[in-house]
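The values are calculated or read from the model by the stated rules, or taken from the named source; none is laboratory data. Remember, it's a predicted structure, so these values are computed and weren't measured experimentally. Positions of Cβ are generated from backbone atoms using ideal geometry, with glycine treated the same way; all protein chains shown enter the neighbour counts. Surface accessibility is based on the protein's heavy atoms, side chains included, excluding ligands, DNA and RNA. Shrake-Rupley method; radii C 1.70, N 1.55, O 1.52, S 1.80 Å.
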Amino acid sequence: GELKPNTTLQFYYDAITKAYQRARKMHPESKVNFVGHSIGGWILRCWLKDHLTEEEQQKYVASVTTLGTPHNPPPENSIWKAFDQTRGLLKFVNEEAPGAYIDGVRYTCVVGNATKGRVEGLSVSKPETIESAVAFVSYLPLCGNGEAEGDGIVPVETALMGDERCNKIVIDGAKHSAFLPSPGPSIKLPDDWLWYGSESCMDQWANSALL
């Protein structure tokens, strides 16, 4: 596929634009800290390229932080390399906005390692085995290894950009989200469910990622 974010994901682009304009209006003398979760992280990378000039990037962007974002494609020698779930979107992002490409901006990739993918021992009476099986199915096409460690949706190796200018944080026990998707409203998980937005997790990434 050859999809591009600016035509395929306009809803997300519009949301980022509104949030950015609101932040600039509220704090005109300050730079903006951008935070993107899941695919929002690489949508954000491309939005910065498409919507801000180089001068605006330098003047108004303080940091870019991604939480559980699948930045890296599957390994070149993997059969999953040809099976592009994003239909060209991720390839476009990595070509147009490679790594920590804005000089002087702090980039941070954050990922949890709560769940190791596994399909053996699956049992409906044991929720942890279902979680591991879901992780296996998610990890396999992303990194070519269903038994990797990650946040239950995105494996660690996929979420950490190889760019040495990017700060990398792996949070023990952190999971991808505090909600489960459903045909209707999302299902909220228990308050003690540890994910990137949990207070204890934020303590581990916010202070070092945001300026």
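The figures follow:
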item	result
Under the span-like rule (Cα at least 18 Å along the axis, Kyte-Doolittle mean at least -0.5), DSSP H helices of the chain	127-143
Cα gyration tensor shape of region 111-195, rounded if a/c is under 1.5, else prolate or oblate by comparing a/b with b/c	oblate
Carbon + sulfur, % of accessible area of the chain - ligands and nucleic acids excluded, 1.4 Å	55
For region 148-171 versus region 70-121, the gap between their alpha-carbon centres in whole angstrom	9
Per residue Cα convex hull volume in Å³ - calculated over region 1-79	113
Region 132-177 shape via C-alpha gyration tensor axes, a/c threshold 1.5	oblate
5 Å binning of all Cα-Cα separations within the chain, expressed as whole percents from 0 upward	1, 7, 14, 18, 19, 17, 12, 6, 3, 1, 0, 0
For the chain, share of DSSP beta bridges that run antiparallel, in % to the nearest 5	20
Relative contact order (%) - the chain, alpha-carbon pairs under 8 angstrom, separation at least six	20
Exposure rule at most 11 other beta-carbon atoms within 10 Å, DSSP loop GluC sites (Glu not before Pro): the chain longest free segment	165-211
At most 11 other Cβ within 10 Å, DSSP loop - chymotrypsin sites (Phe, Trp or Tyr not before Pro), region 26-128	PHE83
Calculated FRET value between TYR60 and LEU180, using beta carbons and R₀ = 35 Å, to 0.05	0.45
Computed label-point distance, nm, for sites MET26 and LYS126 using a 7 Å Cα→Cβ extension	4.6
Accessible surface, per residue, of the chain when the full set of protein chains is kept, probe 1.4 Å, Å²	55
Along each principal axis, Cα extent of region 20-136, largest first, Å	56, 32, 20
Convex hull (Cα only) mean projected area of region 60-127, reported in nm² to one decimal	7.4
Over the chain: helical MRE at 222 nm, DSSP H runs n ≥ 4 each giving -39500 (n - 2.57), nearest 500	-11000 deg cm²/dmol
Among the listed pairs LYS59/LYS188; LYS18/LYS116; LYS18/LYS168; LYS31/LYS81, those beyond 32 Å (Cα-Cα)	LYS59/LYS188; LYS18/LYS116; LYS31/LYS81
